[in-house]
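What follows is a single structure, written as structure tokens, with notes after it.
The values are calculated or read from the model by the stated rules, or taken from the named source; none is laboratory data. All values derive from a computational prediction rather than experimental measurement. Here the Cβ is made from the backbone with ideal geometry for all residues, glycine too, and neighbour counts use every protein chain on show.
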Amino acid sequence: MTERNAHPHLDCSGRLALIHNGIVSNYGPLRERLGRAGHRFTSETDTEVVAHLVEECLAAIPEGPERLLRATIAAFRKLRGMNAIALLDAERNQLAAAKSGSPLVLGWGDGAHLLASDHGALLEHTRRVTFVEDGQAALVTADGHRLFDAATGGELVPAVTELVGGTRMGDRAGHPDFMTKEMHEQPEVLRRMARDGAEHARRLAERIGAARKVYAIGCGTAGYAALSAQYLLAGIGHRRVAATPASEFAHIVPFLDKTSLVLTFSQSGETIDVIEAARGAQAQGARVAAIANVEGSSLWRLADDAFPLDAGPEQCVLSTKSFTAKLALLVLTGHALAGRLPEGQSLVAAAADEVERMLEGERRAQLGRIADAIQDREHLFVIGRGPSYPLALETALKVKEVSYIHAEGFAAGELKHGVIALVEKGTPCVALAPRDDTYDDVMGGAMQVRARGAHVIGVSPEPHEAFDEHIQVAHLGWAASIVNAVPAQLLGYDLARRRGHDPDKPRNLAKSVTVK
Ligand code: BG6
């Protein structure tokens, strides 16, 4: 990001200031035409084009209290792509905004009228919000908010929602960064899920029981929670669930019908690929369940059923506590399907205790020493089988996202079919080896990479000669995935710190991806 391309962007007069979320896919021809008409651009961004387009539309609209709004609507109609724009005209003391795709929320404060792209940012001012829907525009003045249909220009009555859940964006609570704070909140989040999640698990199990075909989707870390659903709900609840990255789900949508259920996993509830997939599914008559951390988010409002993770605000770009909360809800739901919910609750409660122990003490220090030893490596591999396969992918993602080491997770059975060619002397290989029916095969894989010179880091209840490093974790059956997620978070964190990177703001990544 350069200073020149940073928001807000101004029009030629410098009077209009615009901020924008999204991608204006037709900004090229618009820029060219506005350039020929004499507009001068100071950046290479699509966003600045919109500021000049509003300036052009403004010139064609007679003076009046709604002039800025009408110009914003006129300009917005000429944009292609998924966008949310907000324009400030300081001289008029007015804000005008419009959206299609990217989130936009109005806040009704005492004596303050606010606008944000995420309702979490409004919570310290008000809990009374209006979610701006696609194709709507808003005018914000000192007198309040007005809402309009951007297609017809007609005025609408704003629906005001009183936010119940959701907690104000917090500070780091004495931790060096949000990643550390949120990792340390996991024991409490898991205990809360074990205690209060039973009802949600029962409801979700009922929905799954009523469906003929069940699918699970998500992106990034949430995509690995969706893949975990495939293993955990099959293994514990004996239900077939087909997991797919949300961005690839369009190929499956045509096969959905009203007997289908789509489990959508998302921390923010604003990830565009998940929202688009959910809309496509509903268009086929399928039912959509949202497993999300942000109540009131676009996915939450769109879904037929919503299941809270109640993990509190997650501000670090990397997803930690909301991931383990998703796994905990899946462990409970699998046990609800099997009619053994109390057993699932005790497992999740035991996982909370084990996570708490792992965040401190000798094992915490051990991960630091492992990071010291491998911080200059360029490649790292992670193997796992069954429910540990999605964890292998998540472990690699945690290392990649924040340390920028090339890390790859894969199903241990795929080792011999190519990947093992990448292993050389000292290559760090993490082996996720819970004491379940995958143990022997994973250990077979660990010995094969060790034989090629790999530095094997075993995450397992028991030591093994194949391990150069052994991170001992409690034997927790189906809750092993919850516990095994934490060494991945800590290793990624320690590698990032040792390589001088800010764990909260990894390069090129955003907390939620609201544009395609
Ligand atoms: C990415 C985040 O942008 O989106 C990841 O950096 C996250 O941490 C992914 O897993 C999906 O986000 P969400 O909000 O849909 O879970």
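Look at Ala496 and say whether it is of a type in the set (Gly, Ala, Ser), closer than 17 Å to Pro387 by Cβ, within 16 Å of the ligand (Cβ to nearest atom) and part of a helix (DSSP H, G or I).
No, not satisfied.
Which of the residues spanning region 269-280 are more than 11 Å from the ligand (Cβ to nearest atom) and either surrounded by fewer than 24 Cβ atoms within 10 Å (Cβ to Cβ) or at pLDDT below 95 (or both)?
Glu276, Arg279, Gly280 - these are the residues of region 269-280 that are more than 11 Å from the ligand (Cβ to nearest atom) and either surrounded by fewer than 24 Cβ atoms within 10 Å (Cβ to Cβ) or at pLDDT below 95 (or both).
For the structure I just gave you, tell me whether Thr130 is over 30 Å from Asp273 (Cα atoms) and either touching a His at 6+ places or on another chain (Cβ under 8 Å) or surrounded by fewer than 20 Cβ atoms within 10 Å (Cβ to Cβ) (or both).
In short, no.
Got at least one residue in region 432-440 being among the hydrophobic types (A, V, I, L, M, F, W, C), in the same structural domain as Pro506 (by TED's automatic domain parsing), surrounded by fewer than 17 Cβ atoms within 10 Å (Cβ to Cβ) and in contact with a His (Cβ under 8 Å, 6 or more places away or on another chain)?
no
Can you work out which of the residues in region 499-515 that are away from the ligand (no atom under 13 Å from the Cβ) and either touching a residue at least 40 places away in the same chain (Cβ under 8 Å) or among the charged types (D, E, K, R) (or both) is farthest from Val317 (Cα to Cα)?
Per the stated criteria, the residue is Arg499.
I'd like to verify a number: residues in region 281-300 that are away from the ligand (no atom under 14 Å from the Cβ) and among the polar types (S, T, N, Q), how many?
2
So Ala74 passes all but one of these: (1) more than 36 Å from the chain's Cα centre (by Cα); (2) without any contact (Cβ under 8 Å) to a residue 24 or more places away in the chain. Which condition number does it fail?
(1)
Could you check region 14-57 and list, in sequence order, the residues that are in a helix (DSSP H, G or I), among the charged types (D, E, K, R) and more than 16 Å from Leu79 (Cβ to Cβ)? Steps first, answer last, please.
First pass over region 14-57, keeping only residues in a helix (DSSP H, G or I): 27-36, 46-57.
Then drop every residue that is not among the charged types (D, E, K, R), which leaves 31-33, 36, 46, 48, 55-56.
Within region 14-57, Arg36 is the sole residue that qualifies.
Can you name the residue in region 196-232 that is of a type in the set (A, V, I, L, M), in a helix (DSSP H, G or I) and in contact with a strand residue (DSSP E or B) (Cβ under 8 Å, 6 or more places away or on another chain) and is also nearest to the ligand (Cβ to nearest atom) among such residues?
Step by step, filter region 196-232, then rank; the result is Ala222.
Mind checking whether some residue in region 238-253 is of a type in the set (Asp, Glu) and over 18 Å from the mean Cα position of the chain (by Cα)?
Within region 238-253 (the criterion being of a type in the set (Asp, Glu) and over 18 Å from the mean Cα position of the chain (by Cα)), the answer is no, since none of the residues qualifies.
Being touching a Lys or Arg at 6+ places or on another chain (Cβ under 7 Å), among the aliphatic types (A, V, I, L, M) and closer than 14 Å to Ser481 by Cα: is that true of Ala352 here?
yes
Being in a loop (DSSP other than H, G, I, E, B), in contact (Cβ under 8 Å) with a residue 24 or more places away in the chain and within 14 Å of the ligand (Cβ to nearest atom) is the requirement here; does Leu318 meet it? So that I can check it myself, show each step before the final result.
On the way: in a loop (DSSP other than H, G, I, E, B): yes; in contact (Cβ under 8 Å) with a residue 24 or more places away in the chain: yes; within 14 Å of the ligand (Cβ to nearest atom): yes.
Here the answer is yes, as Leu318 does meet what is asked.
If you go through region 358-373, how many residues are surrounded by fewer than 20 Cβ atoms within 10 Å (Cβ to Cβ) and in contact (Cβ under 8 Å) with a residue 12 or more places away in the chain?
Result for region 358-373: 7.
Of (1) β-branched (Val, Ile, Thr); (2) assigned to a strand (DSSP E or B); (3) touching a residue at least 40 places away in the same chain (Cβ under 8 Å), Val449 satisfies all except one. Which?
(2)
Working carefully through the options Phe265, Phe255, Phe249, find the one that is free of Cβ contacts under 8 Å to residues at least 40 places away in the same chain and within 14 Å of the ligand (Cβ to nearest atom).
Just a single option satisfies the conditions, and that option is Phe249.
Identify, from the list Glu188, Glu182, Glu155, Glu91, the residue that is more than 27 Å from Ile272 (Cβ to Cβ), in contact with a Lys or Arg (Cβ under 7 Å, 6 or more places away or on another chain) and at pLDDT 95 or above.
Answer to the check: Glu155.
Within region 9-40, track down each residue that is modelled with pLDDT under 95 and within 26 Å of the chain's Cα centre (by Cα).
Matches in region 9-40: His20, Asn21, Gly22, Ile23, Val24, Ser25.
Which residue, of Ala474, Ala431, is touching a residue at least 60 places away in the same chain (Cβ under 8 Å) and either in a helix (DSSP H, G or I) or hydrophobic (A, V, I, L, M, F, W, C) (or both)?
So the residue among Ala474, Ala431 that is touching a residue at least 60 places away in the same chain (Cβ under 8 Å) and either in a helix (DSSP H, G or I) or hydrophobic (A, V, I, L, M, F, W, C) (or both) is Ala474.
Could you please give the count of residues in region 106-124 that are closer than 18 Å to Gly296 by Cα and not in a strand (DSSP E or B)?
9
Could you grab me the full set of residues in region 461-505 that are buried (at least 24 other Cβ atoms within 10 Å of the Cβ) and either more than 26 Å from the chain's Cα centre (by Cα) or not assigned by TED's automatic domain parsing to the domain that holds Gly444 (or both)?
Passing the criteria: only Val473.
Only one of these is at pLDDT 95 or above and either out of contact with any strand residue (DSSP E or B) (no Cβ under 9 Å at 6 or more places or on another chain) or within 23 Å of Gln315 (Cβ to Cβ) (or both): Leu123, Leu68, Leu115. Name it.
Values: Leu123 fails: at pLDDT 95 or above; Leu68 fails: either out of contact with any strand residue (DSSP E or B) (no Cβ under 9 Å at 6 or more places or on another chain) or within 23 Å of Gln315 (Cβ to Cβ) (or both).
On inspection, the qualifying residue turns out to be Leu115.
Is it the case, given these coordinates, that Ser388 is within 16 Å of the ligand (Cβ to nearest atom) and at negative phi?
Values: within 16 Å of the ligand (Cβ to nearest atom): no; at negative phi: yes.
No, not satisfied.
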